[in-house]
Amino acid sequence: MNFKTIKKILFFFCFCIVLSSCKKKNKTVTANLSFRSISFTSAYGAKENLYREILNGADSIVSSFNKEAKNNGRTNTENQNYLLSKHVLKLDELEMLKLPHIYLHFGADSIMEVYLSENEYKKIKHFRQVDLFKEKKKVILELDIKEIDSGIYYSDNIRSVKKADGKSRSNIFKQE
């Protein structure tokens, strides 16, 4: 083998290593299904005209705050309307805004929102918090999740769904 061939082989192996390290890997987690009565981070089931309204509203808020910040020399990082609108636009960009989603409770106050494929959502959409509360049951899920972007998670594989004794959690936050 000549030097050029060895150099090409080494380059190929280095490229493969770098490429494989950049891939986001699935992580298997086990958590309780949690419930929320209102969500501002999903347009699942929305008709196209309402979906466009949501996007136009979010875009308008972001543009307005950006213009105001530029004129006043301030940042928008503490304005909740701005942050929520930017998040909605990011979800749309990632093609996740129209997907069904769930909330996972890991204990204490650790809650994670996870977007699901339609097929996986069918496995758990029949659970209702009020029914679980009456039965004194909770739902424990084991699923593979992938972080698509910072703080945005997706699963296309629910490994198991178990109904167990316990209290299902509603993550409706109380204001004091």
Residue under evaluation VAL114, criteria (1) within 22 Å of ALA46 (Cα to Cα); (2) over 16 Å from the mean Cα position of the chain (by Cα); (3) part of a strand (DSSP E or B), criterion not met
(2)
Counting only residues in region 98-111 that are assigned to a strand (DSSP E or B) and touching a Phe, Trp or Tyr at 6+ places or on another chain (Cβ under 9 Å), the one surrounded by the most Cβ atoms within 10 Å (Cβ to Cβ) is identified as ILE102
I'd like the residue in region 123-161 that is under 26 Å from LEU83 (Cβ atoms) and either free of Cβ contacts under 8 Å to residues at least 12 places away in the same chain or charged (D, E, K, R) (or both) and, out of all such residues, is surrounded by the fewest Cβ atoms within 10 Å (Cβ to Cβ).
SER150
Does any residue of region 112-122 turn out to be surrounded by fewer than 14 Cβ atoms within 10 Å (Cβ to Cβ), assigned by TED's automatic domain parsing to the domain that holds LYS162 and within 23 Å of SER170 (Cα to Cα)?
yes
Return a yes/no flag: does region 30-37 have any residue that is farther than 18 Å from TYR154 by Cβ, in the same structural domain as GLU147 (by TED's automatic domain parsing) and modelled with pLDDT of 90 or more.
yes
Filter result for LEU89 (in a helix (DSSP H, G or I), over 20 Å from ARG159 (Cα atoms), not basic (Lys, Arg) and not assigned by TED's automatic domain parsing to the domain that holds VAL29):
yes
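The values are calculated or read from the model by the stated rules, or taken from the named source; none is laboratory data. Computed from a prediction, not measured in an experiment: that's the story for all the values here. Counting neighbours? That spans all protein chains shown, and the Cβs are built from the backbone with ideal geometry, glycine included.
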